[in-house]
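The values are calculated or read from the model by the stated rules, or taken from the named source; none is laboratory data. Note that this is a predicted model, so its numbers are computed, not measured. Glycine gets a Cβ as well: all are built from the backbone with ideal geometry, and neighbour counts include every protein chain shown. The protein model used for the area step is the full one, side chains on, heavy atoms only, and it has no ligands, DNA or RNA in it. Shrake-Rupley method; radii C 1.70, N 1.55, O 1.52, S 1.80 Å.
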Amino acid sequence: MWKKSSPFLLKSNHSIKKKLNYCQRECVLNHQTFTLRLMRYRDIKELLQIERELYEGKTPWGRSAFLFELKGPYPSLYLVVEYQGKVVAFGGCRFNQTNGHITNLAVQTDHQGIGIGSLLLTEIRNFAFICQCQSLSLETPKSNMDAQRLYRKFGFVARNIKQNYYDHDDAVLMVCLLRG
């Protein structure tokens, strides 16, 4: 849930500033209670474990990449989903004046298919809309049809193919227009 006037600061249209705050909340999905909250530095170790599980032992985003996003010069939003005190999913988005670019969306295998990815996408899309973004964009592996199906459900359309973006897999650039 978003509230105006608090810690998150986003420069919009080069001069307008929006102050927003994310309030941690509980969500019930598939009769299980999850906590949705902002990512913290101490979560990075768990994020790397999730990456290793999903990417065959690899970590596409290392510790330094997550630190850069959390401390870097660009406005960003990074959320985690906890179940019984452990991080089971995360999503992140970097913002510029008119676009939000979703950099990460990952859900542990044991928790896939119950709506956590949709929950994270909804929160990111709502935040981007509040920040007056015109669009959201992301890349997803061409081979990951489940992810593409989820993104299409949220209004994303394929715009381009990026050759060998993920080691030996092409990426589909997808875009969702938020404003007319």
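What pairs come out if I take residues in the range 159-171 that are without any contact (Cβ under 8 Å) to a residue 40 or more places away in the chain and pair them with residues that are open to solvent by 80 Å² or more (accessible area, probe 1.4 Å) and assigned to a strand (DSSP E or B) whose C-beta lies under 7 Å away, six or more apart or interchain?
Going by the 7 Å Cβ cut-off, the qualifying pairs are 170/163; 170/164; 171/165.
Report the residue count in the range 151-172 for those that are within 27 Å of residue 22 (Cβ to Cβ) and surrounded by 17 or more Cβ atoms within 10 Å (Cβ to Cβ).
Our first condition is that a residue be within 27 Å of residue 22 (Cβ to Cβ); within the range 151-172, this holds for 151-156.
Now restrict to residues that are surrounded by 17 or more Cβ atoms within 10 Å (Cβ to Cβ): 151, 156.
Number of matching residues: 2.
Conditions: (1) under 24 Å from residue 169 (Cβ atoms); (2) open to solvent by less than 20 Å² (accessible area, probe 1.4 Å); (3) modelled with pLDDT under 95; (4) not in a helix (DSSP H, G or I). Residue 77 meets all but one. Number of the miss?
Of the numbered conditions (1) under 24 Å from residue 169 (Cβ atoms); (2) open to solvent by less than 20 Å² (accessible area, probe 1.4 Å); (3) modelled with pLDDT under 95; (4) not in a helix (DSSP H, G or I), the odd one out for residue 77 is (1).
Check whether at least one residue in the range 31-49 is in contact with a strand residue (DSSP E or B) (Cβ under 6 Å, 6 or more places away or on another chain), within 24 Å of residue 144 (Cβ to Cβ) and open to solvent by 50 Å² or more (accessible area, probe 1.4 Å), and report yes or no.
Checked the range 31-49: no residue is in contact with a strand residue (DSSP E or B) (Cβ under 6 Å, 6 or more places away or on another chain), within 24 Å of residue 144 (Cβ to Cβ) and open to solvent by 50 Å² or more (accessible area, probe 1.4 Å).
Name the pairs: first residue in the range 89-112 and more than 15 Å from residue 130 (Cβ to Cβ) and in contact (Cβ under 8 Å) with a residue 24 or more places away in the chain, second residue of a type in the set (Phe, Trp, Tyr) and surrounded by fewer than 17 Cβ atoms within 10 Å (Cβ to Cβ), Cβ to Cβ under 8 Å, at least 6 apart or on different chains?
Short answer, once both residue conditions are applied: 94/74.
Residues of the range 19-78 being out of contact with any Leu (no Cβ under 9 Å at 6 or more places or on another chain) and of a type in the set (Phe, Trp, Tyr), which ones?
Passing the criteria: 55, 68, 74.
Quick grid of which residues meet (1) within 19 Å of residue 26 (Cβ to Cβ); (2) open to solvent by 40 Å² or more (accessible area, probe 1.4 Å):
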position	(1), (2)
82	yes, no
90	yes, no
95	no, no
98	no, yes
109	no, yes
123	yes, no
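Residue 68 - would you say it is open to solvent by 30 Å² or more (accessible area, probe 1.4 Å), part of a helix (DSSP H, G or I), at pLDDT below 95 and not polar (S, T, N, Q)? Walk me through it before giving the result.
Details: open to solvent by 30 Å² or more (accessible area, probe 1.4 Å): yes; part of a helix (DSSP H, G or I): yes; at pLDDT below 95: yes; not polar (S, T, N, Q): yes.
Taking the combined requirement at face value, the residue satisfies it.
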